[in-house]
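Student: Below is a structure I'd like to ask you about.
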Amino acid sequence: MPEVLPATDWAAERWQALWRRMASGYDGSADYFTLRRAYDEPHRAYHTFAHIAACLRWYDAAVEAGAAARNDLLELAIWFHDAIYDPHRSDNEARSARWWQKLANKAGVAAGEVAQVADWIMLTRHVDTPVDPLAVLLIDIDLAILGSDADVFAEFERQVRQEYRWVPGLIYRRKRREVLASFLARPRVYGTDYFEARLGRQAMLNLAQAIAALGG
């Protein structure tokens, strides 16, 4: 028997409304459950659906504040950017993008739109600096956790360590320092004025304290 979307599931309702706006005639119920199960995988501690929900809330807040226009393709990139997450691998974003492409092709999404979302997903590797304002917004949304309250940020760091619990401590601390230092070395943490004004200062404090705690 196929799974039925619960009427009280805000995420399911949002998912279906998003696809109705895409006007592709695609229902998406089965793929919603598959995607949610992926985010519920037991090896995840931070990269769960809670992260996606937080990203969606930040996206809504930016739109409501007039800092961005609503864009359904950007929302789809939020939904899919961590669809595949295996901390033992370095190609998670590429695999997430391929999952998106397969689903989008099945749903009849236009080729240019499929490619756009895939490109945005790949930018969440945080290797390249985006130029497109929507891509900049996506990256800021993904990194909003860096500017959270100190206790929330500490829990984020604990969850990331849990995901990489198989990595020896010395190696983990060195690699984690490198990641955090790359964000701290930026002229500012966030690319959009909206996020920088709200989270930039706290993000700098969190990053500096976390790097110090990891030791030199």
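The values are calculated or read from the model by the stated rules, or taken from the named source; none is laboratory data. Keep in mind the model is a prediction, meaning the values are calculated, not measured. Positions of Cβ are generated from backbone atoms using ideal geometry, with glycine treated the same way; all protein chains shown enter the neighbour counts. Just so you know, the surface numbers come from the protein's heavy atoms only, side chains and all, with ligands and any DNA or RNA stripped out. Shrake-Rupley method; radii C 1.70, N 1.55, O 1.52, S 1.80 Å.
Student: Near L199, within a Cβ-to-Cβ distance under 14 Å, what is the net charge of the other residues, with Lys and Arg +1 and Asp and Glu -1?
Tutor: Overall, the nearby charge balance is 0.
Student: Hey, any idea what % of the chain's accessible area is carbon plus sulfur with a 1.4 Å probe?
Tutor: 56
Student: Separate question: Name the most mobile residue of D193, D149, D128, meaning the one with the largest mean-square fluctuation, in a Gaussian network model of the chain with Cα contacts below 10 Å.
Tutor: Greatest mean-square fluctuation among the candidates belongs to D128.
Student: While we're here: Run through the stretch 31-126 and list the trypsin sites (Lys or Arg not before Pro) located in a DSSP loop whose Cβ has at most 11 other Cβ atoms within 10 Å.
Tutor: The qualifying sites are R89.
Student: Please work out the Cα center distance from the stretch 187-201 to the stretch 68-83, rounded to the nearest Å.
Tutor: The stretch 187-201 and the stretch 68-83 have Cα centres separated by 20 Å.
Student: Find out how many positive minus negative residues lie around L18, taking Lys and Arg as positive, Asp and Glu as negative, among other residues whose Cβ is under 9 Å from that of L18.
Tutor: In short, +1.
Student: Another question, then. Could you sort V131, V152 by their accessible area in this structure, using a 1.4 Å probe and putting the largest first?
Tutor: From most exposed to least exposed: V131, V152.
Student: Over 24 Å, how big is the tail of the calculated P(r) for the chain, in percent of all Cα pairs? Walk me through the numbers before you get to the answer.
Tutor: Values: 10254 of 23220 pairs.
Counting every Cα pair in the chain, those more than 24 Å apart make up 44 percent.
Student: Still on this structure, I have one more. Skip the ligands, DNA and RNA, and give the accessible area per residue of the chain with a 1.4 Å probe, whole Å².
Tutor: 50
Student: Still on this structure: Describe numerically, in nm with one decimal, the distance between label points set 7 Å from Cα along Cα→Cβ at E196 and at A181.
Tutor: 2.4
Student: Where does each of 17-26, 75-84 land if you order them by average Cβ count within 10 Å, highest first? Numbers along the way, then the final one.
Tutor: On the way: 17-26: 14.0, 75-84: 23.8.
The packing order, highest mean first, is 75-84, 17-26.
Student: Okay, next question. Return the distance in nm (one decimal) between the two label points of a simple spin-label model at A111 and A150, each offset 7 Å from Cα along Cα→Cβ.
Tutor: It works out to 5.5 nm between the two label points.
Student: While we're on this one: Relative to the present Cα-Cα distance, how much length would full extension add between L73 and R21 at 0.36 nm per residue of separation?
Tutor: Numbers: separation 52, 0.36 × 52 = 18.72 nm, distance 1.05 nm.
In short, 17.7 nm is gained.
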